[in-house]
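Enquirer: Before we start, here is the structure in question, set down as structure tokens.
The values are calculated or read from the model by the stated rules, or taken from the named source; none is laboratory data. Here the structure is a predicted model, which is why all the values come from computation and not from measurement. Every residue, glycine among them, receives a Cβ derived from its backbone with ideal geometry; neighbour counts consider all protein chains shown.
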């Protein structure tokens, strides 16, 4: 288990505690100066049922607060996109199977708040529930893309995963994506085939994402994210991806 005091610069954190326990959320969300902090919660239906307020468990109010409600049919039907001038910036994705929609929404917040100079903190609640809607392989690939996108804007993000709901091998596989794990860890072997995302897999998940988001999926030095991405064409993005 990682000491919470050491993770301020960790980037992406996996929280492996029981699904009803969110004791670490406030510590993970209250990073840095609240006057420059923008806090985003991605909330799935079971988490929404347990939450009060706007999904935040932090004790100090951030300068900006956002909520992406996943699986919220009524709100999705009425939503026209997030209003970044609102006190709480709301967005909704109707179908929890729509990983592209979730990724695009998160990327939209990242782009806006990064441009405005905020320190972005994120709570994703929860991967366990997302795994009820999509296969572990697909969710793994999605997390690989999303954590890279969050890293590209220097966000401190944490994702909840209930270790009691999954095999040790599955938990180990998701641990491998993250910079740190808070809670239970396992020494089991990661499932290697999960990581073998093809270019088509990546394209299916990131279709419609911004150029910044697409570039940020590239994780090693051979395919590093360039300094300037706003003028990239679709061909430039395709050329940046690893070739099998």
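Enquirer: Hey, residue 169 hits all of (1) within 19 Å of residue 144 (Cα to Cα); (2) touching a strand residue (DSSP E or B) at 6+ places or on another chain (Cβ under 6 Å) but one; which does it fall short on?
Expert: (2)
Enquirer: Restricting attention to the range 119-138, report how many residues are part of a helix (DSSP H, G or I), touching a helix residue (DSSP H, G or I) at 6+ places or on another chain (Cβ under 6 Å) and at pLDDT 90 or above.
Expert: Number of matching residues: 3.
Enquirer: Checking the structure you have, find out if any residue of the range 64-73 is modelled with pLDDT under 90, more than 17 Å from residue 153 (Cβ to Cβ), out of contact with any helix residue (DSSP H, G or I) (no Cβ under 9 Å at 6 or more places or on another chain) and surrounded by fewer than 22 Cβ atoms within 10 Å (Cβ to Cβ).
Expert: Narrowing the range 64-73 to residues modelled with pLDDT under 90: 71-73.
Subset that is more than 17 Å from residue 153 (Cβ to Cβ): 71-73.
Restricting the remaining residues to those that are out of contact with any helix residue (DSSP H, G or I) (no Cβ under 9 Å at 6 or more places or on another chain) gives 73.
In the following step, the residues that additionally are surrounded by fewer than 22 Cβ atoms within 10 Å (Cβ to Cβ) were identified as 73.
Yes.
Enquirer: Consider the range 149-183. How many of its residues are surrounded by 23 or more Cβ atoms within 10 Å (Cβ to Cβ) and either assigned to a loop (DSSP other than H, G, I, E, B) or without any contact (Cβ under 8 Å) to a residue 24 or more places away in the chain (or both)?
Expert: 2
Enquirer: With respect to residue 154, determine if the residue is at positive phi and under 17 Å from the mean Cα position of the chain (by Cα). Don't jump to the end; show me each part of the working.
Expert: Numbers: at positive phi: yes; under 17 Å from the mean Cα position of the chain (by Cα): yes.
Taking the combined requirement at face value, the residue satisfies it.
Enquirer: Yes or no: residue 160 closer than 23 Å to residue 98 by Cβ and modelled with pLDDT of 90 or more? Give the derivation first.
Expert: Values: closer than 23 Å to residue 98 by Cβ: yes; modelled with pLDDT of 90 or more: yes.
So residue 160 passes the test.
Enquirer: Identify, by number, the condition in (1) in contact with a helix residue (DSSP H, G or I) (Cβ under 7 Å, 6 or more places away or on another chain); (2) modelled with pLDDT of 90 or more that residue 37 doesn't meet.
Expert: For residue 37, the exception is condition (1).
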